[in-house]
Amino acid sequence: MNSDSSPVLPLELEREIFEGAAICCPQTIPSLLLVSHRVYEWIEKIKYRTVTPTGDHSTCSYDTLMRAIQSDSKSPSFFRAHVHHLYIRPYDETDEVQEILHVCTGIQSLALIRSNIPSFLLPTLATLRPQRLWGYFSFLLDKKDFGQSMFIFVTHLTLWEISRQPDRDIPVWLSFLAMFPSLTHLKVPSLFKTTLVPHILASSKMLEVLVKDSSLSGEELYNVDDRYVTLELRGVIGQWVMGARGGNDFWARAEAFIAKKRRREIQPDWRYWIEDADGI
C-alpha cells in the first residue's frame, strides 16, 4: 500500500478553505501564514484587507499596515489592490495618514474619525473612490472647492457631526448632500435636527435608508417617509467591521425594519424606531 495515499484536496477547494478561515477568523491569520508557501501567498492578500486601530475584529492593525508600507517590501500596487477597508483614529499622525492614503488608493470603505482634517490632506483624500464613508465632514459644508470626485461613488455615508448654524441648516445640508450623486444610505448623529429629515427625504429620491443615531423614540415625527429609521448605534468599530464584511450591521437592521414596515408587520404603522420585539 502506498504510504502517500492520504486524501488530497483540489487546489481550488484547499484555497477556499484557507481563505474562508482567514476571513471568518482573522485571529488565525498569523498561524495560517506559516502553513506553506502557497497558503502564505493566498492569505497575505487577505491580511491587509480590513485595517482597524488594534486589529481587533479585523485582519490587520493600523501599525502593522504602517510598518509594511514603510518597509518597502511590497510595491504600492499590492496595497492598492488588497487594502479594502481602513479605519483611521483621531490621534493618528497626519503624516502617516497621508502616507497610507497615498498608497492605499483602492479603499472601498473609509472611516476617518477625526474632526480636524488639515487642508494639505484634502488633495490626497480627493484621489480616493470609496463606496462607504464614515467621519466628521461638517468642515466641508462650506468648502465647495473640495474635489467632489471622492464622493461620486459613495453609497453609504455615516456622519458623526452636524452643523451648528440652525438658520442655515436646511440649505447648507441639502447642498452638501447633493455632492453625493450615488448616495442610497445616510446615517446622521443624534443631535441632527429632526426638522431636516423631511427636506432630505424629499430632495434625495435615490435615498433608500435614512438612519438617525438615537436611543430615544419620542421625537413626535408623524407621517414620515418609511425610509426613515432611528436606532441606537453601539460598538462603532465593531459595526464598521461588520459592515465591511457584509454582516448584520446597523444598515442591514434598518433595511430589515423598512421591509417589515412595508409588509405592515410594524405596529403602530407610523413607528420609525426599532424595538427589541421586532426581532431585528
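Along the chain, the exposed loop sites are chymotrypsin sites (Phe, Trp or Tyr not before Pro) outside DSSP states H, G, I, E and B with at most 15 other Cβ atoms within 10 Å, and the longest stretch free of them is 92-221.
Comparing Gly20, Gly238, Gly247 in a Gaussian network model of the chain where C-alpha atoms under 10 Å apart are linked, the largest mean-square fluctuation is found at Gly20.
So if I place +1 on the C-beta of Lys and Arg and -1 on the C-beta of Asp and Glu, and nothing else carries charge, what would the dipole magnitude of the range 48-278 be about its Cα centre? I want it in debye, nearest 20. All intermediate terms of the calculation are to be shown ahead of the outcome.
Working: 26 positive and 27 negative charges, 120 e Å.
I would put it at about 580 debye.
Normalised by 2.2 N^0.38 Å, where N is the number of residues, the C-alpha radius of gyration of the range 48-278 stands at 1.05.
Dividing the helix sum by the residues of the chain, where each DSSP H run of 4 or more adds -39500 (n - 2.57), gives a mean residue ellipticity at 222 nm of -10000 deg cm²/dmol. Site pair Asp269 and Ser182 shows an inter-label distance of 3.6 nm when each label is modelled 7 Å from Cα along Cα→Cβ.
Could you list the GluC sites (Glu not before Pro) in the range 62-137 that lie in coil according to DSSP, counting only those with at most 10 other Cβ atoms within 10 Å of their Cβ? Please report the intermediate quantities before stating the final value.
On the way: sites: Glu93, Glu96, Glu99; in loops: Glu93.
Here the sparse-neighbourhood loop sites are Glu93.
Altogether, the Stokes-Einstein calculation at 4 °C and 1.567 mPa s, with the Kirkwood radius of the range 241-280 over Cα pairs as Rh, returns a diffusion coefficient of 121 µm²/s.
Every number here is computed from the coordinates shown, using simple stated rules; none is lab data. Here the structure is a predicted model, which means the values were calculated and not measured. Methodologically, a virtual Cβ is constructed for each residue, glycine included, from the backbone with ideal geometry; neighbour enumeration extends over all protein chains shown.
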